[in-house]
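Reading through the structure tokens given below for one structure.
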Amino acid sequence: MELAYYSDYAVRLVNSEEPARGKDTLTSVEAVRDLFGGNASAARRANDSDVTRFRGVRARLRAVFEAADGGDETLAVDLLNSLLLEFPVSPQISGHDFRDDDGRPLWHMHLADHPSNATAGYAAIAAMGLAFHLTEYGVDRLGLCEAAPCRNAYLDTSTNRSRRYCSDRCATRANVAAYRARKRQEADRSDSTGLTADSAQRASANGERRPRSGGR
């Protein structure tokens, strides 16, 4: 398994809150456990105290995305490094679930569960995954959705670094909004041009009717 895969842990946690919309799904221990996905053994260690701890890690991960999205590469790296120092990982070589044609294990690097608590384990995996993604693809591959007010985090894996939205839904919504804005501008210009033409015609007509001054 590629270690950059673990960067999805960071995205899932950051997107459990939508500040601009006042939404926060991280309100219970069940919500914390859902973030672990298929890692059931790690999820079972979560308890009520992890809700507050997860929120603290979430704010720090969002700050990494905000710095990257704002073009401040150094700040993004510094913030991520502070997480890596606080939540170190325990890498292991694993061959479970992956076999070649002869039935032999396909050895790969795996990030083991952290022994202390659920938050430390999740934070370590999320930070390391994000670090691998950042160093492999670049800081500018970490972004925040441009479809206001969404601002969800995303990882740009496009070949031409063109991703701007967290989902197809947000991309469609932004394109529709842009189309409607263009139509409004065209209508406003058309109205303005029409009024100007009418004014010019009236001024011309008045000029033709106005008597010329001066005598012979």
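Side notes on the structure shown:
- Model label zone, TYR5; criterion: amide N under 12 Å from point 7 Å along Cα-to-beta-carbon; scope the stretch 21-61: 38-39
- In sequence order, the stretch 32-40 has phi-based couplings of 4, 5, 4, 5, 6, x, x, 7, 5 Hz under the Karplus curve 6.51 cos²θ - 1.76 cosθ + 1.60, θ = phi - 60°, and Gly or Pro positions carry x.
- Summary of packing: across the peptides 176-187, 5-16, the per-residue average of other C-beta atoms within 10 Å ranks them, highest first, as 5-16, 176-187.
- Here the 3J(HN,Hα) profile of the stretch 78-92, calculated from phi with Karplus coefficients 6.51, -1.76 and 1.60 at θ = phi - 60°, is 4, 5, 6, 4, 5, 5, 5, 5, 6, 10, x, 9, 10, x, 9 Hz, Gly and Pro shown as x.
- With the simple spin-label model, which puts each label point 7 Å out from Cα in the Cβ direction, the ALA40 to TYR137 separation comes to 3.0 nm.
- Residues in the stretch 142-182 reached by a label modelled at SER192 [backbone nitrogen below 15 Å; 7 Å Cα→Cβ]: 182
- Backbone HN-Hα couplings from phi across the stretch 9-23 [Karplus 6.51/-1.76/1.60, Hz, Gly and Pro as x]: 4, 5, 4, 4, 5, 4, 7, 6, 10, 10, x, 5, 9, x, 10
- Taking other Cβ atoms within 10 Å as a rough exposure proxy, GLU30, GLU86 sort from fewest to most as GLU30, GLU86.
- In this structure, the amide hydrogen of ALA112, modeled 1.01 Å from its nitrogen in the peptide plane, lies closer than 5 angstrom to those of SER90, GLN92, counting only residues at least 5 positions away or on a different chain.
- Put in line by how crowded their Cβ is, counting other Cβ atoms within 10 Å and starting with the fewest, SER192, SER162 read SER162, SER192.
- Neighbour counting of Cβ atoms within 10 Å sorts the residues LEU85, LEU26, LEU106, LEU79, fewest neighbours leading, into LEU85, LEU106, LEU26, LEU79.
- Cα gyration tensor, the stretch 3-166 - rounded (a/c under 1.5), prolate or oblate: oblate
- If a spin label sat at a point 7 angstrom from the Cα of HIS108 along the line to its beta carbon, the backbone N atoms of the stretch 122-150 nearer than 16 Å would be those of 129-130, 132-133.
- Relative protection proxy for 121-129, 39-47, from highest mean packing down: 121-129, 39-47 (other beta-carbon atoms within 10 angstrom).
- Amide H contacts of ARG151 (H built 1.01 Å from N, in plane; Pro and chain starts excluded): CYS145 sit under 5 Å, all sequence-distant by 5 or more or on other chains.
- Computed from the Cβ-Cβ distance with R0 of 35 Å, the FRET efficiency linking ASN117 to ARG21 stands at 0.70.
Just so you know, all these numbers are worked out from the coordinates, no wet-lab data involved. This one's a predicted model, so the numbers in the text were calculated from it and none came from an experiment. Positions of Cβ are generated from backbone atoms using ideal geometry, with glycine treated the same way; all protein chains shown enter the neighbour counts.
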